[in-house]
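Below is one structure, written out as structure tokens, with a few remarks after it.
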Amino acid sequence: MKNEFRELGLSEKMQQVITDLGYKTPTPVQEQSIPLILAGRDVGAAAQTGTGKTAAFTLPIMDKLGHRSKKSKGPLCLIVTPTRELAQQIDRVATTVGKRTNHKVLTVVGGVGYGPQTDALQRGIDILVATPGRLLDLIDRKLLRLSEVEVLVLDEADRMLDMGFWPAVRRITALVTNRKQTLLFSATLSAQVLTTAKPLLRNPEFVEISRAGTTADTVNQVIMPVDHAQKPDLLCEVLKAKGCSRVIVFTRTKSRADSCAKRLNKLGFATQAIHADRSQSQRERALIDFKKGKIDILVATDVLARGIDVSDVSHVFNYDVPTNPEDYIHRIGRTGRAGESGQAITFVGPDELSSLREIEQLLNMVIPTYDLEGFAYRETRIVPSPSRSAKKKQAPVFSGRRRGGGRYGRR
């Protein structure tokens, strides 16, 4: 069969790993990246969330990576990623592969004690998965050296840039002096990412499955214009009407995530909030409970938009419109994964119209409006005109009423 993993050059042992992971057919990013990585090329790859980027670099790296010597502490491969959740996602795949390849894998993240991490480093490791802060902390404490790293992976490079981690990344890459291969994986290869990261790559091959502003065809997107004060009531009514389970709700702030989750719980929805102020154990427990179906709804902030790796999410609600248009893509990428259909519903308040405009410009599409039948919307909401344009350099025209009367034209 065309495009099978066996045709990509992976070893027979790795075919067993693929069976362990439950993979059947390679995704486009895996199909294009794996042969290049096996050939030792530097690679910059962009693909939507949920398309198997982790396996695209983990499988070929661990297929050809050697093992540290008895006198060595390692690591031989370093994978840097911006959040704890993403690090744990990579760890799950790498640990599964390591059971077949006998590679020792360690993940180091902030928010947990140093003891187990430092003990594992002293025993020696082959592959290290790390968030930038904890990685540099261990280096500064003289507990870790990167002089033996042969393969460096920068995962979710665009997110690290957005989160301000790039100075730390530059410092880390400067310490990996003997690397033979550098891999950069990202949701998009924007001009900013390429300008910033390209100097780290040597004669790279680029794999671009998705361009900026690309969303999965399996996600049905709608907006629901609503006054801010009515967002809590509208969310509850939509959840009741849709009979939603397996739902993720994204808010702009941690406090709004907490208040939203508290309200939903009071109304009988099994809900947990998950954000940066929650402890590592609380975040892990929330994800486990969600995956097992013990809770139906996760309320999260953008920090976790790429770190929630859960299948069968039926609906994503943007309780608040994200200020960064790219975050919209990552949020709704939590649903409609692996070919399954999903729904993305965005509540748009009167002061969020400019953010909506930027999202539509990025997507180059006008997102259709949906109203919940029977819901008593306030007149203070502003309904975007169906005839508005998503083209850049053209202010969309909106119709509706706002507090104080008058028509809403430009923003």
The answer for trypsin sites (Lys or Arg not before Pro) in segment 23-57 that fall in a DSSP coil and have at most 10 neighbouring Cβ atoms within 10 Å is Lys24
Hey, can you rank 188-200, 371-383 by average C-beta count inside 10 Å, highest first? 188-200, 371-383
Output ³J(HN,Hα) for segment 108-115: one whole-Hz value per residue in order, computed from phi by the Karplus curve 6.51 cos²θ - 1.76 cosθ + 1.60 with θ = phi - 60°, and x for Gly and Pro. 10, 9, x, x, 10, x, 7, x
Divide by every residue of the chain the summed helix terms, -39500 (n - 2.57) for each DSSP H run of at least 4, and state the resulting mean residue ellipticity at 222 nm, rounded to the nearest 500 deg cm²/dmol. -11000 deg cm²/dmol
Listed with the fewest Cβ neighbours within 10 Å leading, Tyr114, Tyr319 appear as Tyr114, Tyr319
Amide H to amide H, which residues 5 or more places from Ile79 or on other chains are under 5 Å from it, using H placed in the peptide plane? Leu128, Val129, Ala130, Val153
What does the charge count around Leu143 come to, taking other residues whose C-beta lies under 11 Å from its C-beta (Lys +1, Arg +1, Asp -1, Glu -1)? +2
Restrict the search to segment 78-160; then list the trypsin sites (Lys or Arg not before Pro) that DSSP places in a loop and that have at most 13 other Cβ atoms within 10 Å of their Cβ. Arg141, Lys142
In order through segment 273-286: 3J(HN,Hα) via Karplus (6.51 cos²θ - 1.76 cosθ + 1.60), integer Hz, x for Gly, Pro: 8, 9, 7, 5, 7, 7, 5, 4, 5, 5, 5, 5, 5, 4
Applying the Karplus parametrisation 6.51 cos²θ - 1.76 cosθ + 1.60 with θ = phi - 60° to the phi angles of segment 52-66, what ³J(HN,Hα) value in whole Hz is obtained for each residue in order, glycine and proline being reported as x? x, 5, 4, 5, 4, 9, 5, 4, x, 4, 6, 6, 10, 6, x
Nearest-5 percent of antiparallel DSSP beta bridges in segment 219-400? 10 percent
The size of the Cβ-based charge dipole (Lys, Arg +1; Asp, Glu -1) of the chain about the Cα centre, to the nearest 20 debye, is 700 debye
Taking every other residue with Cβ under 13 Å from the Cβ of Glu205 and scoring Lys and Arg +1, Asp and Glu -1, one gets +1
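Quick note: the coordinates plus some simple rules give every number you see, no bench work behind them. This structure is a prediction, so every number in the text was calculated from the model and none was measured. All Cβ positions, even for glycine, are placed from backbone atoms using ideal geometry, and neighbour counts span all protein chains on display.
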